Every structure is written in structure tokens, then in C-alpha cells.
Amino acid sequence: MRKGLKFLVGAMIALAPVTSAMAGATLDRVLENKTLVLSSDAAYPPQSFLNDDNEMDGFDIDVGREIAKRLGVELKIITPAWEVITAGNWKGRWDISVGSMAPTKARREVLNFPAVYYYTPASFAVHKDSAVKTLADLNGKTIGVCAGCTTDFYMDKNLVLDAKGVPPFEYQVTAGDKRTYETDTNAYDDLRLGDGKRLDAVLTPTPTVQEAIKSGYPFRLVGDPVFYEPLAIATDKGDAEFDAKLAELVDAMRKDGTLSKLSEKWYGLDYTVAK
């Protein structure tokens, strides 16, 4: 997944002081400061977004709040660029990313992924006026994707999803032209201009495009989801104790039904189990 322009959100959003990442340093800092600093996105509904009260809201935000609650600390949110988050080497500026991040092989080189907390389907969407009816009809078309996201890798036929429990998938569409965008929303804005004007389709997280459709975007989905993306909590390298604690908390949230309830709240479905 994604992302785009980041915004600061009132007093709840602040940069954490820079510290060195030694074993145990992150967990110690969180507990000592009684604050968990979360990196997020202010423009990625329904995962994370600014609501009508100008406060951060969404599925990822609720998951982050629950983790902070179970740690016994407050939650603060910052919104750095997606590329900065996925680059690793955070230098203590934030403690955790609950940002619908896929634990790809390349990302594992610079980040740790203590726990997968849900699986989101990825689907093709077209303009409502499109003649496309099946996935096969999309072959040779101009397709938009988020640059550097799993949908981008899928279209390049080099997507690796090796997290536990991920269903197998096949490459069902070959684009005539692939166009990349900073965010899924940017791709939607081009597709909404009309069928074939700039794009013939987008490949995007299903819940995200469904939210766009609810908001009035003139789209429809084509076929079934083409893959299910495992999405994980991410941390910087260097604190196995912190990672173990997060894994323990997410496992408890799964077992007691908290994750399922949050998924159903935001998506109307339980995405915490791969279909």
C-alpha cells in the first residue's frame, strides 16, 4: 500500500526525540515516556484519515490505540512520508508503524514485522462506463497503480508475499501500459475523468476503492480479488523485546476478538483471516 501528502494533526502529532536503537531501547523509551509514537497517513481512508473533527481516525488508528492501551501508555501520531517510513533507520523519531504495510522481502532488510494483523484483498476497478466485464478484458489496457506498492509489483509480475497464511495467487492481467502514482487516490482521480481518458483501470486495495465508490467515485469492481495482501505492524531494527511484546499483544487481540470487531467496524467484513 500507498501513500501521499502528510499532515500534522493538532497537539496529538509530534516528532519524538531522536535516540539510538539499542536492544530494548524502544520498549524502554515507550514505557518511560508513557507514550507510543505511531507513524500514520492522514489521507488513506478507511485505514487512516482526518475525520470531520480534524482528528485521526480509521482501522489502523484504532489498532494503534488498542496497542497503546494494552501497553498502558498514550498514543501520539505523526505522518511522515511513506517512503521515509519504509526506508527504515527511524532513529527514534517514531516507535511503530501501524500503516497497512506488506512485509515484503525488500522491506524486511530494513524493518521488522512482529505481527500480521489483517489481510486485504486487491482488486481491479474500472470506470462505470467501461465495457470491461472480465479480468481477461483488462489485458493490454492502461492500468494505474500506487508506485512501490504491492499492486505495482503484481503488475510487474514480481510480487512476493511470503507471510504465513497467505493464499496462493496467479498473475491474471498483463497491462499494455502501467502508470504509477504517489497514492491510490491520485490514480482514482485520473480514472474518474472517464473511461480510457487517462486510465482504463486501477489495481488497488479493495476496501480503499470501495470507500471511494461510497464517496461518489464512478467506479465498479471487475472479477474477484487477484491476491490477498498480508499487512503487518512494522518496527525499526534493533529491539527484539519490543517486537516480542507487540507480537504478544496482537495475538491476544486476535484471540479475544478485538481485531475482528475493529475490522467489521471499518470494513463490514472480517479481514483478519485470509480468505
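Read-outs throughout are calculated quantities, based only on the coordinates presented, and are distinct from any laboratory measurement. Because the structure is a prediction, the values reported are computed rather than measured. Reconstructed Cβ throughout: ideal geometry from the backbone, glycine too, with neighbour counts over all protein chains shown.
Per-peptide packing, taken as the mean over residues of other Cβ atoms within 10 Å, places 95-101, 171-177, 207-213, 146-152 in the sequence 95-101, 146-152, 207-213, 171-177 from highest down. Summarising the amide proton neighbourhood of residue 227: residues at separation of 5 or more, or on other chains, whose placed amide H is nearer than 5 Å comprise 122. In straight Cα distance, which lysines are under 25 Å from residue 197, not counting same-chain residues fewer than 8 positions off? Residue 197 reaches 3, 128, 133, 141, 178, 214.
Dipole size of the stretch 120-229 about its Cα centre, with +1 on Lys/Arg Cβ and -1 on Asp/Glu Cβ: approximately 240 debye, rounded to the nearest 20. Overall shape of the chain was characterised from the C-alpha gyration tensor. The equivalent ellipsoid obtained from it has semi-axes of 33, 19, 17 Å, in decreasing order.
If the cut-off is a Cα-Cα distance under 18 Å, which lysines reach residue 261, setting aside same-chain residues fewer than 8 apart in sequence? Those lysines meeting the cut-off are 69, 275. The dipole here belongs to the chain: it is taken about the Cα centre, uses +1 on the Cβ of Lys and Arg and -1 on the Cβ of Asp and Glu, and is about 200 debye.
List 227, 169 from most exposed to least, where exposure is judged by having the fewest other Cβ atoms within 10 Å. Could you put the intermediate results ahead of the total?
Numbers: 227 22, 169 15.
Fewest-to-most Cβ neighbours within 10 Å comes out as 169, 227.
Show that you can apply the helix-only estimate: for the chain, add -39,500 (n - 2.57) for every DSSP H stretch of four or more residues, divide by all residues, and state [θ] at 222 nm to the nearest 500. Display every interim value, and only then the final one.
On the way: 9 runs with 80 residues, N = 275.
Rounded to the nearest 500, it is -8000 deg cm²/dmol.
Per-residue packing, averaged as other Cβ atoms within 10 Å, sorts the ranges 33-40, 251-258 into the order 33-40, 251-258, beginning with the highest.
Measuring nothing but how far apart in sequence close Cα pairs (under 8 Å, 6+ apart) lie, relative to its length, the chain scores a relative contact order of 28 percent. Restriction of the trypsin sites (Lys or Arg not before Pro) in the stretch 169-222 to DSSP coil positions whose beta-carbon has at most 16 other beta-carbons within 10 angstrom yields 197, 198.
Computed 3J(HN,Hα) for the stretch 114-121, one whole-Hz value per residue from the Karplus formula 6.51 cos²θ - 1.76 cosθ + 1.60 where θ = phi - 60°, is x, 7, 7, 10, 6, 10, 10, x, glycine and proline marked x. Taking each residue as 0.36 nm, the span from residue 32 to residue 247 lengthens on full extension beyond its C-alpha to C-alpha distance by 75.4 nm.
Treating each Cα of the stretch 120-229 as one equal point scatterer and applying the Debye formula with no solvent, the log10 of I(q)/I(0) at q = 0.14, 0.21 Å⁻¹ comes out as -0.47, -1.11.
Contact order, relative form, for the stretch 166-275: 27 percent (alpha carbon pairs under 8 Å, 6 or more residues apart, mean separation divided by residue count).
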